[in-house]
Every structure is written in C-alpha cells, then in structure tokens.
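The values are calculated or read from the model by the stated rules, or taken from the named source; none is laboratory data. Being a predicted model, the structure only gives us computed values, none of them experimental. Cβ placement follows ideal geometry from the backbone for every residue including glycine, while neighbour counts extend to all protein chains displayed. With ligands, DNA and RNA removed, areas are computed over all heavy atoms of the protein, side chains included. Shrake-Rupley method; radii C 1.70, N 1.55, O 1.52, S 1.80 Å.
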Amino acid sequence: MNQLTVIGAGSMGAQIAQQAALHGLDVILNDTSEQQLRKAAESNRGHLMRRVEKGKLSEADAQSALGRVRQVADLAEAVHGTEFVIEAVFEDLDLKRSIFAELHRVAPAGAVLASNSSTMGISKIADATTRPERCVNMHFFYPVLVMDLVEVVRGPRTSDETTEKAMAMARAMGRTPVLINKEIDGFVVNRILHAATQEAYRLLEAGVAGYEDIDVAVEKGLKWPMGPFRLGDFSGLDVTYKARLHMFNVTGDERYRPSPQLEAKVKAGKLGRKAGEGWYKY
Ligand SMILES: NC(=O)c1ccc[n+]([C@@H]2O[C@H](COP(=O)([O-])OP(=O)(O)OC[C@H]3O[C@@H](n4cnc5c(N)ncnc54)[C@H](O)[C@@H]3O)[C@@H](O)[C@H]2O)c1
C-alpha cells in the first residue's frame, strides 16, 4: 500500500494526509470546501517549514512531502484506483453514513474504508455499505503530526485482513497502532482519560485539593505532561464537557455525568486557552 485517500481536510484530515506523505505515500486529500483544502495546504507548509528551520527536516524532503499531497475536490476522482480511504469529516453520523454509501459506490471494490471518528464505532457506519468486512476505525490523535498513536478498532464484521491492513497503514505512516478487538464507546485512551479526569473533578468538588495542586500532583507523580485541568484548558473545556455528556448519555452511568464546576465554566464561556481563560488565565 503506497497510496492513500483522505476525505475531509480539517484539523485531522489535513495532518493525516501530510503525515502519510512524509513517509513516502502518495496521498489524495478531498474536501467539499476549496477553502478548507487551501487552508490545509498552507497549514501543512507552515508545519514542515518550521521543521526545516529547526534543522529537523531537509528543505528537499519537505518540498517532496508537500508535493505528494494532491488536492482533489471531487469524491469519485479522489478515490479512483485507491486501495485505502481514511474518512475524517465532521463528527456527524448521517454525514459519515452518506459518505460511506457514496464511497462504496465509487471506490474500488477491494479498498479499505476507515473512519477517524472519535466516538462512533464502525458498525454504525459500515452498514451504509455492503462491504462491512472492509470497514474499520482508525482513531488518530490531535495533532497527528506529533501524536504517535492510532487506535485500530475492529467492528463485529471487520475482517482479519482489513484489520491487518489498517495496522500496516498506520505503521507505513510512521505511527504506532494498537489493536482494539471490540467496539466500545471512547475506545481505550479516552475511557482511561475520562476515568482519571472524573476522579480529579470529584477530588476538587470534595475540597480534597485545589485544581492547581491536583494538576501538579498528576504531572509530577504520574509524569503526565499536563494535569487534567491544564489538559482540559488545552483541548477546550467545551470539548471535554461534550465528550463527558456523550458518555453519560450513552452509558447512563453516573460516573460520566459532567461535574457542575465544568458545566459552570462552559456556561460562562471560560472554555480554556482559546477563550483566554478556563481553569487558568492565558
Ligand atoms: N479534533 C480532534 O482532536 C480529533 C481527534 C481524533 C478524532 N477526531 C475525529 O476526526 C474527524 C474530523 O475532526 P476534525 O477536528 O478534523 O474536524 P474539522 O471540523 O476540523 O474538519 C472536518 C472537515 O470535513 C469537511 N467535510 C464536511 N463534509 C464533507 C464531505 N461531504 N466531503 C468531504 N469533506 C467534508 C469539512 O469541510 C472540514 O474541512 C471527526 O470524526 C472527529 O471526531 C477529531
């Protein structure tokens, strides 16, 4: 597999495409928005040029990696002759299902169709096609150019061959895949993150320690690069809140109910770094 098509040129798709191209794959990047395609190209150029300035990448390698991402706005043209598709459009089930139905129609019969969804198991999407055995989740982490992990999650009908191809594709892109055998909400990383973060909020609410001390305890004691409150500010407290609410709604498990303090921050527009204030001021 030396060719890849990425559908959706937003925060994730743009960098998934560029990461693959950095490792020698020929990539087609598709988006319905010409503006998003332009933005993706500019942003990737910026990232690679910063590496060149820091001496981490040669100018020639940067130029050839940028040249290996071809932008194609038409879906049928984007998947013509492709062996592997990664979908990274908005987190909207109906949209993903309609794209998979269309992909099934226009992509080669043998092509793997992967989704980068953070929350939707592939079985919810794959039955929009008649090739569920070739559909799989590949959950990349933001920012893809930095984060070295892909959760490969097989659905109940994903074949061994498709799973192996997804693992191989992640490796070919210079990323470390982990195999998740069963579809489960939150997959592995987000479930563990949610459990730890939820405990941090409980400790805060019970007055056991302040948020700054909890962050320092986790950073120094567990060697996390950021404690749960600092990480919330970094990702956006609205994102954390919505993820928590989603888990609470699907599981009905009280452990996932968003804490009142988190809710209050979101309602006050204190969304973290991007808003200038969250738990901390920026
Ligand atoms: N942002 C994250 O931290 C993160 C992490 C892991 C996974 N994800 C998942 O990745 C996916 C994309 O997230 P994102 O943050 O990149 O979103 P985004 O909003 O930055 O980008 C989505 C892109 O999809 C494009 N799009 C919409 N409809 C389309 C269509 N019919 N055909 C082609 N392109 C279309 C939009 O124009 C946009 O460029 C989501 O499923 C999300 O859950 C996001």
Q.
For the structure I just gave you, tell me whether GLN15 is outside any loop (DSSP other than H, G, I, E, B), touching a Pro at 6+ places or on another chain (Cβ under 7 Å) and within 28 Å of LYS96 (Cβ to Cβ).
A. yes
Q. Which condition number in (1) touching a Lys or Arg at 6+ places or on another chain (Cβ under 7 Å); (2) acidic (Asp, Glu); (3) in contact (Cβ under 8 Å) with a residue 40 or more places away in the chain is the one that ASP185 fails?
A. (1)
Q) Residues in segment 135-164 that are open to solvent by less than 60 Å² (accessible area, probe 1.4 Å) and either part of a helix (DSSP H, G or I) or hydrophobic (A, V, I, L, M, F, W, C) (or both): how many? A) 13
Q.
Of all residues being open to solvent by 20 Å² or more (accessible area, probe 1.4 Å) and within 6 Å of the ligand (Cβ to nearest atom) in segment 11-22, which is nearest to VAL112 (Cα to Cα)? Just the residue, please.
A. MET12
Q: Working only within segment 177-212, note down all residues that are at positive phi and surrounded by fewer than 15 Cβ atoms within 10 Å (Cβ to Cβ).
A: GLY207
Q: Please verify whether segment 45-55 includes one or more residues that are surrounded by 14 or more Cβ atoms within 10 Å (Cβ to Cβ) and of a type in the set (Asp, Glu).
A: no
Q. Do any strands (runs of 3 or more DSSP E) lying entirely in segment 57-121 carry at least 1 residues that are touching a residue at least 40 places away in the same chain (Cβ under 8 Å) and of a type outside the set (A, V, I, L, M, F, W, C), and which ones are they?
A. 69-71, 84-87
Q. Which one is nearest to VAL136 (Cα to Cα), of the residues in segment 213-234 that are touching a residue at least 24 places away in the same chain (Cβ under 8 Å) and open to solvent by 60 Å² or more (accessible area, probe 1.4 Å)?
A. PHE234
Q) Mind checking whether some residue in segment 94-115 is surrounded by 14 or more Cβ atoms within 10 Å (Cβ to Cβ), β-branched (Val, Ile, Thr) and within 18 Å of MET169 (Cβ to Cβ)? A) yes
Q: Answer yes if at least one residue in segment 50-61 is closer than 26 Å to THR119 by Cα and charged (D, E, K, R), and no otherwise.
A: no
Q: Any chance you could count how many residues in segment 165-196 are among the hydrophobic types (A, V, I, L, M, F, W, C), part of a helix (DSSP H, G or I) and farther than 22 Å from ASN2 by Cα?
A: 5
Q.
On the basis of being outside any strand (DSSP E or B), within 18 Å of MET173 (Cα to Cα) and within 13 Å of the ligand (Cβ to nearest atom), does ALA41 make the cut?
A. no
